[in-house]
Amino acid sequence: MKMQRLFVVPVLAALSFVSLPAFGVSKEIVQLQTQVQALQDQVARMQQSFDQGMGVMKNLIEQNTDTMNKLAGTMTQLQQVMQKQNADAGTRSDQLSGQIQTLNDSLDELKARLARVTQQLEAMQSAQQNLQTQQQQQQQQAPPPDVLYNNAVRDYNAGKMDLAQQEFNDYVKYYPNTDLAGNALFYVAEMEYRAGNYQAAAQDYDKVLQQFPSGNKAASAQLKKGYSLIELGDKQGGIRELNSLVQRFPRSPEATQARERLRRLGVVPGRSRRTPSAQ
């Protein structure tokens, strides 16, 4: 604006010295001044518009700069968060990998154990099959069960104890699941008792009770087991067996014998201690 004003003023001064008629000069000067004033107003308006535009642009630039700064800060924070998450994910991934490896190791160990158990089971099955095969072969070689048992009873009654014991043992060995196996085992115990081998007799009587609890020799086996324990010096054990016999088979002949033996020991049937003597 100042430069334009400096330019217009000399022009006006120069025009004032031009040799023109007084009226014509005045009219032209007025017109020129009017044009100059219009030009000055237009320049002022342009300057004002330019200043306003520059202010708007400056505000826009400042706003965009703030926005860019905020966006840059947000991007930085996001990058930090992403890096932290990646680090945490890496740590968790390492932990998960370790756990998976541990589980794989445990699974391998279980597989190895299962393989060993399977081998042991197969070995047991093979041994059982071999044993069954041997038993079948022995049974094929052994006499029929009724023949073997009758021979053993005949020799027992004839006093051939060694031969009868062998035959009864063979019967229990070859035919352990028959009804007469309990009888055969009882007669083996009877021969041991008569020979004074009370320990072996007590064990075989107990086998009769354990393996054939409902057999027809159960009462006799329990009676003779009680006798064997008493002979071995275990009177309390013998008394318990006799009392148990009386409770299990109260009307049997063996129960009558058990009561009589208990009385001789000074024990009332159903009690485990001696009856106190009268004062």
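The values are calculated or read from the model by the stated rules, or taken from the named source; none is laboratory data. Keep in mind it's a predicted model, so treat the numbers as computed, not measured. A quick note on method: Cβ atoms are made from the backbone with ideal geometry, for glycine too, and the neighbour counts reach across all protein chains shown.
A few comments on the model shown:
- One residue from L242, L163 being free of Cβ contacts under 8 Å to residues at least 60 places away in the same chain, in a helix (DSSP H, G or I) and buried (at least 20 other Cβ atoms within 10 Å of the Cβ): L242
- Hey, D206 in a helix (DSSP H, G or I) and either closer than 25 Å to P145 by Cβ or out of contact with any Asp or Glu (no Cβ under 7 Å at 6 or more places or on another chain) (or both) or not: yes
- Selection count, the stretch 209-218, where residues are under 17 Å from N169 (Cβ atoms) and either of a type in the set (V, I, T) or not in a helix (DSSP H, G or I) (or both): 2
Residues are listed down the side, and each one gets a yes or a no for (1) at pLDDT below 95; (2) within 48 Å of the chain's Cα centre (by Cα); (3) acidic (D, E):
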{"site": "P213", "(1), (2), (3)": "yes, yes, no"}
{"site": "A219", "(1), (2), (3)": "no, no, no"}
{"site": "K224", "(1), (2), (3)": "no, no, no"}
{"site": "Y227", "(1), (2), (3)": "no, no, no"}
{"site": "E231", "(1), (2), (3)": "no, no, yes"}
{"site": "D234", "(1), (2), (3)": "no, no, yes"}
{"site": "G237", "(1), (2), (3)": "no, yes, no"}
{"site": "E241", "(1), (2), (3)": "no, yes, yes"}
{"site": "V246", "(1), (2), (3)": "no, no, no"}
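- Residue selected from the stretch 171-206 under the condition surrounded by fewer than 17 Cβ atoms within 10 Å (Cβ to Cβ), under 17 Å from A152 (Cβ atoms) and within 48 Å of the chain's Cα centre (by Cα), by the criterion modelled with the lowest pLDDT: D179
- Any hit, the stretch 187-199, residues being touching a strand residue (DSSP E or B) at 6+ places or on another chain (Cβ under 8 Å) and free of Cβ contacts under 8 Å to residues at least 60 places away in the same chain: no
- Residues of the stretch 136-146 satisfying the condition of being at pLDDT 70 or above and either surrounded by 12 or more Cβ atoms within 10 Å (Cβ to Cβ) or closer than 13 Å to A184 by Cβ (or both): A142, P143, P145, D146
- R248 in contact with a Leu (Cβ under 8 Å, 6 or more places away or on another chain) and either closer than 26 Å to A142 by Cα or among the basic types (K, R) (or both): no
- None of D146, D179 is assigned to a helix (DSSP H, G or I) and either of a type in the set (D, E) or in contact with a strand residue (DSSP E or B) (Cβ under 6 Å, 6 or more places away or on another chain) (or both) except D146.
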